[in-house]
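The values are calculated or read from the model by the stated rules, or taken from the named source; none is laboratory data. It should be emphasised that the depicted structure is a prediction, and the values quoted were computed from it without experimental measurement. Note: ideal-geometry Cβ built from the backbone for every residue, glycine included; neighbour counts use all protein chains shown.
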Amino acid sequence: MARQDAFAHPLQQADKATWADAINTRFFPVMSLPRNPEVFAADMATWEIGSASVSFLVNDAIHYRREPKHVQGDKDEYLLLSFSRHARLRFFQNGTVLVCEPGQFMIERSGQPYDFYQESRGEVWCLCVASSALKHHVRCIDKFAPYAFDAGSGIGRLLFDIVRTVPEHFETINERTSSGLGRIIIDMLALALEGDERVLGSQQGSIQKAHLARIERYVRQNLRDPQLDPVKIAHANGISPRYLHELFRETGTSVSRWILEQRLAACDADLRQGMRRETIAEVAYRWGFADAAHFSRHFKARYGSTPGERRAEARSSGGV
């Protein structure tokens, strides 16, 4: 679905309410506070791509404030990635003070209050995804919050190029293709975040975080191995099993539990592609489960439905 709004210059009182409603329904509730309400003007368009949405905004300087009352009314947490092409963005959330220059992007979390400032008129592209969708790819989203990421080179540039070309091809994308494209965008986002050397730990002042980042990458690359266990992981990463367990204990989970969560998420993604022909057991075996019944029990405990129900739901909704 595509939605587009244009707001006249200057913005009239009725338009101010419409603008606030457009922001709140496209993203999540905030206070919209234009720096100069009498001359504020804006254009906005949004395209829904599977489980993600892409929005284009060009507007004058503005301050968005998300207060505790806004957070309390939400059932789910979302991540909003803002790619700035022209204006400097300033962001304050949970003790983090962040400046995002043109050519960079940053992450806003809906689950905590924040203040967001766009300092001048400019073009901003936004990618909105459910926090749970990205958690299937990375263990801890918090570690990305303190940074602005490069959108002008490498994976970040490739991600931005995909985001801003969505409108050009949107009319030719059917519902099934849209769902697949949404997953690709989320995969690309995970690569852009995890590939940043600061996140890997070189500038975080934490050897433990660097070890965890390397271990997480190794686990994701070897999820299909049914013999993957703490001893094998520790040996492959040059640490002791005891130290491996200590690293994960500090994150509030165990290494075995984290591996299980990653495998369940991978199976869930495959089952959502309802037109695939393999059996549920084959999906489970592909992602390292040695026993289909064991997989089914854990899947239902995690997602509240059986693997068969998940596949039937995907097929009824036209999943790829």
Quiz item: Pairs, please: C-beta under 7 Å, at least 6 apart or cross-chain, first residue in the same structural domain as Ala265 (by TED's automatic domain parsing) and without any contact (Cβ under 8 Å) to a residue 12 or more places away in the chain and in the range 162-190, second in a helix (DSSP H, G or I) and buried (at least 19 other Cβ atoms within 10 Å of the Cβ)?
Solution: none
Exercise. Please identify the pairs in which a residue from the range 288-300 that is without any contact (Cβ under 8 Å) to a residue 40 or more places away in the chain has its Cβ atom under 7 Å from the Cβ atom of a residue that is surrounded by fewer than 20 Cβ atoms within 10 Å (Cβ to Cβ), counting only partners at least 6 apart or on another chain.
Key: Ala292/Ile280; Ala292/Ala281; Ser296/Thr306; His298/Leu260; Phe299/Thr306; Lys300/Thr306
Quiz item: Has the range 258-277 got any residue that is of a type outside the set (Phe, Trp, Tyr), farther than 25 Å from Gly50 by Cβ and surrounded by fewer than 16 Cβ atoms within 10 Å (Cβ to Cβ)?
Solution: no
Quiz item: When the residues of the range 165-194 are filtered to those that are surrounded by fewer than 16 Cβ atoms within 10 Å (Cβ to Cβ), over 18 Å from Asp268 (Cα atoms) and among the charged types (D, E, K, R), which remaining residue is farthest from the chain's Cα centre (by Cα)?
Solution: Glu171
Self-check item: Flag for Arg272 being over 23 Å from Ser132 (Cα atoms), in the same structural domain as Arg224 (by TED's automatic domain parsing), charged (D, E, K, R) and modelled with pLDDT under 90
Solution: no
Quiz item: Of (1) outside any helix (DSSP H, G or I); (2) at pLDDT below 90; (3) more than 23 Å from Ser179 (Cα to Cα), Glu48 satisfies all except one. Which?
Solution: (3)
Quiz prompt | Those residues of the range 65-84 which are within 19 Å of Pro34 (Cα to Cα) and loosely packed, with under 15 Cβ neighbours inside 10 Å, in sequence order | solution = Glu67
Quiz item: Going through the range 48-64 one residue at a time, which ones are over 17 Å from His86 (Cα atoms) and crowded, with 21+ Cβ neighbours inside 10 Å?
Solution: Ile49, Gly50, Ala52, Ser53, Val54
Self-check item: Among residues of the range 122-138, those that are among the aliphatic types (A, V, I, L, M) and in a loop (DSSP other than H, G, I, E, B), counted
Solution: 1
Exercise. Could you please let me know if Phe289 is more than 20 Å from Ser305 (Cα to Cα) and either in contact with a Ser or Thr (Cβ under 7 Å, 6 or more places away or on another chain) or in a loop (DSSP other than H, G, I, E, B) (or both)?
Key: no
Quiz item: Here are some conditions: (1) assigned to a helix (DSSP H, G or I); (2) modelled with pLDDT under 90; (3) closer than 24 Å to Pro102 by Cβ. Tyr147 meets all but one. Which one does it not meet?
Solution: (1)
Quiz item: Could you give every pair whose Cβ atoms fall below 7 Å, whose first residue belongs to the range 276-287 and is in contact (Cβ under 8 Å) with a residue 12 or more places away in the chain and not assigned by TED's automatic domain parsing to the domain that holds Ala265, and whose second residue is surrounded by fewer than 17 Cβ atoms within 10 Å (Cβ to Cβ) and part of a helix (DSSP H, G or I), counting only separations of at least 6 or pairs across chains?
Solution: none
Practice problem: Write out, first by first residue and then by second, each pair whose Cβ atoms fall under 8 Å of each other, whose residues are 6+ apart or on separate chains, and whose first residue, in the range 242-266, is more than 15 Å from Gln221 (Cα to Cα) and hydroxyl-bearing (Ser, Thr, Tyr) while the second is outside any loop (DSSP other than H, G, I, E, B) and at pLDDT 90 or above. | Solution: Tyr243/Ala234; Ser256/Pro230
Quiz item: For the range 224-246, how many residues are farther than 20 Å from Gly288 by Cβ and part of a helix (DSSP H, G or I)?
Solution: 3
